[in-house]
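K.L.:
Submitted below is the structure of interest, expressed as structure tokens.
The values are calculated or read from the model by the stated rules, or taken from the named source; none is laboratory data. Computed from a predicted structure; not experimentally measured. Cβ atoms come from the backbone with ideal geometry, glycine included; neighbour counts cover every protein chain shown.
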Ligand SMILES: Cc1cc2nc3c(=O)[nH]c(=O)nc-3n(C[C@H](O)[C@H](O)[C@H](O)COP(=O)(O)O)c2cc1C
């Protein structure tokens, strides 16, 4: 390095250093100005007085009504944004002035699966929301003890945060038209419009009961029937996907449709259902299951509506390995996926299934065995009345934890279908034990852990 004490040379060095600094500073200042302007524009857009329509839905009722709510607002010229409840962050609520919540209830008064994170993350905290005006449409079924439990909890939490309700919570019992009409009335009033679009739910179609057979003669459990329903026109692949549901309304209770998982794919030409006959303590049969399995004659018309069940579809998991876990009539939803996989010639399917006796309750045994022979399926079974150590499907998991971890590490998705009582929580706990709770939650958030439990 060369040192100098010459003041002229020192001045020259200082001047060129300053010039160099300026050359660097100008683009930095320009970029900073551009960023600030963009942030100001974003904040301004976010502060625009738009409405948020947030929904939490398992089988699509609340989601469909949320879509219609947004359409009504937009028709009235009100900017409205449709959002899944789980996508709302604390900042969104702190900033929003009007939010309409449409939420259903599952389990024992719980949030639908997709909204469990919102309930756990936000509804356990305190947020000052005095600026927020909101309304709640709570969907439920009064046959459950915790009628509209999640909608009520959400409403209570919002009130506790100081939010102001636009009108009292509306509770919809089994999709009853009258209460939905009331919501629509309030909405038209708020939006200042009378020409709300048509809100009628997709109508039922007349299908035909084409085949019915008892799957478990001599079983110690209730009879389970395989039903095949056809419709006059040809089916096409867009009618439904594996994982979807049907709603069937029995003639004796047309306003109380029952949901069943579809056990087939459109390429089968018919909708296959698995229906377990319910019996009450006095020996009488459940209205819908009694009608479908005992009274309706083969050839009779059945009033049916196809329902997309997005949360249980294959969607982004179509190319992954599948771990299918279920019990009893839950084999229906899993069979739909297996038929989709067989149609695509796709291997990498592992079924874990539980029922009572291997001799009587191995539904679709031959078909599953054929898939295994073809190299498309591997399965493990748990029989609660055969006397083995692994009695329930969740009991199969600990000894297979290594395989489970390996499949998940390889990208597999997990689908659980069957009863809420006993099975769903037991399987969830066993999966969390094998994979870790955080990893299981992350799989659920990524759509790789999906459940259809009832
Ligand atoms: C497994 C299961 C559990 C349910 N639990 C409740 C409940 O605890 N309370 C309630 O009011 N409704 C309950 N329901 C009824 C649903 O909330 C109702 O069918 C609603 O219309 C579903 O709306 P969605 O399609 O938007 O999820 C339950 C339904 C199912 C299938």
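K.L.:
With the checklist (1) in a strand (DSSP E or B); (2) on the phi > 0 side of the Ramachandran plot in hand, flag the one item residue 375 doesn't pass.
P.N.:
Result: residue 375 passes all but (1).
K.L.:
Pick out the one residue from 335, 320 that is in contact (Cβ under 8 Å) with a residue 24 or more places away in the chain, touching a strand residue (DSSP E or B) at 6+ places or on another chain (Cβ under 8 Å) and in a loop (DSSP other than H, G, I, E, B). Give the derivation first.
P.N.:
Details: 335 fails: in a loop (DSSP other than H, G, I, E, B).
Just a single option satisfies the conditions, and that option is 320.
K.L.:
Just a yes or no: is a residue in segment 258-269 in contact with a strand residue (DSSP E or B) (Cβ under 6 Å, 6 or more places away or on another chain) and modelled with pLDDT under 90?
P.N.:
Yes, some residue in segment 258-269 is in contact with a strand residue (DSSP E or B) (Cβ under 6 Å, 6 or more places away or on another chain) and modelled with pLDDT under 90.
K.L.:
Moving on. Would you confirm whether or not segment 366-374 contains a residue that is touching a strand residue (DSSP E or B) at 6+ places or on another chain (Cβ under 8 Å), over 19 Å from residue 424 (Cα atoms) and touching a residue at least 24 places away in the same chain (Cβ under 8 Å)? So that I can check it myself, show each step before the final result.
P.N.:
Initially, segment 366-374 is screened for residues touching a strand residue (DSSP E or B) at 6+ places or on another chain (Cβ under 8 Å), giving 368, 371-372.
If we keep only those that are over 19 Å from residue 424 (Cα atoms) as well, we get 368, 371-372.
In the following step, the residues that additionally are touching a residue at least 24 places away in the same chain (Cβ under 8 Å) were identified as 368, 371.
Checked against the condition, which is being touching a strand residue (DSSP E or B) at 6+ places or on another chain (Cβ under 8 Å), over 19 Å from residue 424 (Cα atoms) and touching a residue at least 24 places away in the same chain (Cβ under 8 Å), segment 366-374 yields at least one hit.
K.L.:
Please enumerate the residues belonging to segment 402-425 that are in contact with a helix residue (DSSP H, G or I) (Cβ under 7 Å, 6 or more places away or on another chain), assigned to a helix (DSSP H, G or I) and farther than 12 Å from residue 352 by Cβ.
P.N.:
Residues of segment 402-425 in contact with a helix residue (DSSP H, G or I) (Cβ under 7 Å, 6 or more places away or on another chain): 404-405, 408, 413-419, 423.
Remaining after also requiring assigned to a helix (DSSP H, G or I): 404-405, 408, 423.
405, 408 - these are the residues of segment 402-425 that are in contact with a helix residue (DSSP H, G or I) (Cβ under 7 Å, 6 or more places away or on another chain), assigned to a helix (DSSP H, G or I) and farther than 12 Å from residue 352 by Cβ.
K.L.:
Scan segment 63-75 and give yes if some residue there is touching a residue at least 12 places away in the same chain (Cβ under 8 Å) and in a loop (DSSP other than H, G, I, E, B), otherwise no.
P.N.:
no
K.L.:
Now for a separate question. Look through segment 124-142, keep the residues that are within 8 Å of the ligand (Cβ to nearest atom) and surrounded by fewer than 16 Cβ atoms within 10 Å (Cβ to Cβ), and return whichever of them is farthest from residue 57 (Cα to Cα).
P.N.:
If we take residues in segment 124-142 being within 8 Å of the ligand (Cβ to nearest atom) and surrounded by fewer than 16 Cβ atoms within 10 Å (Cβ to Cβ), then 142 is farthest from residue 57 (Cα to Cα).
K.L.:
If you don't mind, there's one more thing I want to ask. Only one residue in 104, 86 is within 13 Å of the ligand (Cβ to nearest atom) and crowded, with 16+ Cβ neighbours inside 10 Å. Which one? Outline the logic, then answer.
P.N.:
Working: 86 fails: within 13 Å of the ligand (Cβ to nearest atom).
So the residue among 104, 86 that is within 13 Å of the ligand (Cβ to nearest atom) and crowded, with 16+ Cβ neighbours inside 10 Å is 104.
K.L.:
Here is a further query. Which condition number does residue 264 fail, the rest of (1) part of a strand (DSSP E or B); (2) closer than 19 Å to residue 308 by Cα being met?
P.N.:
(1)
K.L.:
Something else about it: Among the residues that make up segment 379-393, is at least one of them within 26 Å of residue 434 (Cα to Cα), within 24 Å of the chain's Cα centre (by Cα), surrounded by 22 or more Cβ atoms within 10 Å (Cβ to Cβ) and in contact (Cβ under 8 Å) with a residue 40 or more places away in the chain?
P.N.:
Yes, there is a match, as at least one residue in segment 379-393 is within 26 Å of residue 434 (Cα to Cα), within 24 Å of the chain's Cα centre (by Cα), surrounded by 22 or more Cβ atoms within 10 Å (Cβ to Cβ) and in contact (Cβ under 8 Å) with a residue 40 or more places away in the chain.
K.L.:
Which pairs do you get when a residue that is at positive phi, found in segment 417-437, comes within reach of a residue that is at pLDDT 95 or above, reach meaning Cβ atoms under 6 angstrom, with the pair 6+ apart or on two chains?
P.N.:
As it stands, the answer is 418/326; 418/327; 418/328; 418/330, since those pairs meet every condition given.
K.L.:
Could you tell me whether residue 346 is out of contact with any helix residue (DSSP H, G or I) (no Cβ under 8 Å at 6 or more places or on another chain), free of Cβ contacts under 8 Å to residues at least 60 places away in the same chain and surrounded by 15 or more Cβ atoms within 10 Å (Cβ to Cβ)?
P.N.:
yes
K.L.:
Continuing with the same structure: Do any residues in segment 141-168 that are within 11 Å of residue 110 (Cα to Cα) have Cβ atoms under 6 Å from those of residues that are exposed (fewer than 14 other Cβ atoms within 10 Å of the Cβ), where the two are at least six apart or on different chains, and which pairs are they?
P.N.:
Here the result reads 146/108, each pair linking segment 141-168 to a residue that is exposed (fewer than 14 other Cβ atoms within 10 Å of the Cβ).
K.L.:
Only one residue in 54, 115, 64 is closer than 30 Å to residue 451 by Cβ and at pLDDT 95 or above. Which one?
P.N.:
54
K.L.:
Another question about this same structure. Step by step: first the residues of segment 143-186, then only those that are within 26 Å of residue 94 (Cβ to Cβ) and assigned to a strand (DSSP E or B), then the one that is nearest to the chain's Cα centre (by Cα). Which residue is that?
P.N.:
170
K.L.:
Here is a further query. Taking the conditions exactly as written (modelled with pLDDT under 95, more than 16 Å from the ligand (Cβ to nearest atom) and surrounded by 14 or more Cβ atoms within 10 Å (Cβ to Cβ)), does residue 121 satisfy them or not?
P.N.:
Against the criterion (modelled with pLDDT under 95, more than 16 Å from the ligand (Cβ to nearest atom) and surrounded by 14 or more Cβ atoms within 10 Å (Cβ to Cβ)), residue 121 does not qualify.
K.L.:
Tally time: how many residues in segment 260-284 are closer than 27 Å to residue 140 by Cα and surrounded by 16 or more Cβ atoms within 10 Å (Cβ to Cβ)?
P.N.:
11
K.L.:
Among the numbered conditions (1) crowded, with 16+ Cβ neighbours inside 10 Å; (2) within 26 Å of the chain's Cα centre (by Cα); (3) modelled with pLDDT of 85 or more, tell me where residue 219 comes up short.
P.N.:
(2)
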